[in-house]
Amino acid sequence: MKVIQGREISALLNPRPVVLVSCCDAGGKVNVLTVAWQTPLSHTPPLLGISLDLRHYSHQLIAESGEFAVNVVGEGFREAVEVCGNCSGRDTDKVLKAGLRLVPAHRIRPPLIAGALAHLECVVRDQVRAGDHDFFIGEIVYAAAQGESFSDQWQAPAGDVLLCLQRDRFTALFQGRGS
Ligand SMILES: Cc1cc2nc3c(=O)[nH]c(=O)nc-3n(C[C@H](O)[C@H](O)[C@H](O)COP(=O)(O)O)c2cc1C
């Protein structure tokens, strides 16, 4: 056994699905960030949590608006995941830069990302400080998945969810190759 430190510690718990979280400001301007630290929390009510660095622009937007959408994506979004995870909405229009197409959500103001494998529309129920991050607990008020990708569980080959191995390394559920 060897001692693990720093960012390697969180990588020990990978692979995990990497998602694109969409949010918006009071004027409706959309921002998207890449999130690997997400987890289901409760069946009834349906709750999930995302852990966001206090410095991120999306942290500010979600704290202010109380809403966000989790977009579960596949291999085709690898470049968008890298773009949205490596620059800030404070100075970059990531929707434009990543070439994302947006569609209106059903129950919340932030839009959804077209072509995602699944959408989870969330309303913030709690915000808990966790060191240098805040853990946002969201109630899922609307959830939908692509029928050919998900039926009770992810279906090969369409449900090829993008998984995070390290901040800059990914694989996919049914491909099993990391790069
Ligand atoms: C693969 C990957 C996973 C990431 N996961 C998270 C995460 O779980 N929480 C977080 O706060 N930032 C995470 N980030 C970093 C943010 O996505 C990144 O800092 C982003 O530029 C913040 O954008 P914003 O300032 O527009 O909110 C991740 C980045 C990558 C590349």
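The values are calculated or read from the model by the stated rules, or taken from the named source; none is laboratory data. The structure presented is a predicted model; accordingly, all values stated were derived computationally and were not measured. In this analysis, Cβ positions are derived from the backbone assuming ideal geometry, glycine residues included, and neighbour counts consider all displayed protein chains. For the accessible areas, the whole protein counts, side chains as well, though only heavy atoms, and no ligand, DNA or RNA atoms are used. Shrake-Rupley method; radii C 1.70, N 1.55, O 1.52, S 1.80 Å.
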* Qualifying residue in segment 145-160 (condition: in contact (Cβ under 8 Å) with a residue 24 or more places away in the chain, within 14 Å of the ligand (Cβ to nearest atom), outside any strand (DSSP E or B) and on the phi < 0 side of the Ramachandran plot) -> no
* Asked: Since Tyr57 meets every condition but one in (1) open to solvent by 20 Å² or more (accessible area, probe 1.4 Å); (2) in contact (Cβ under 8 Å) with a residue 40 or more places away in the chain, which condition does it not meet?
  -> (2)
* Is there any pair linking a residue in segment 26-44 that is closer than 14 Å to Arg90 by Cα and near the ligand (Cβ under 7 Å from one of its atoms) to one that is modelled with pLDDT of 95 or more and among the aliphatic types (A, V, I, L, M), with Cβ under 6 Å and at least six apart or on different chains, and which? -> Asn31/Leu61; Leu33/Val21
* To do: Working only within segment 86-98, note down all residues that are open to solvent by less than 100 Å² (accessible area, probe 1.4 Å) and either within 10 Å of the ligand (Cβ to nearest atom) or within 21 Å of Pro17 (Cα to Cα) (or both).
  => Cys87, Ser88, Gly89, Thr92, Lys94, Val95, Ala98
* Evaluation of Leu120 against (1) open to solvent by 20 Å² or more (accessible area, probe 1.4 Å); (2) assigned to a loop (DSSP other than H, G, I, E, B) (one fails), failing number -> (2)
* To do: Assess whether Val83 counts as being closer than 25 Å to Gln175 by Cβ, within 13 Å of the ligand (Cβ to nearest atom) and either among the charged types (D, E, K, R) or touching a Lys or Arg at 6+ places or on another chain (Cβ under 6 Å) (or both).
  => yes
* Structure fact -> Apart from one, (1) at pLDDT below 95; (2) open to solvent by 50 Å² or more (accessible area, probe 1.4 Å) all hold for Gly178; the odd one out is (2)
* Restrict the check to segment 77-92 and report whether at least one residue is over 26 Å from Ser149 (Cα atoms) and assigned to a helix (DSSP H, G or I). => no
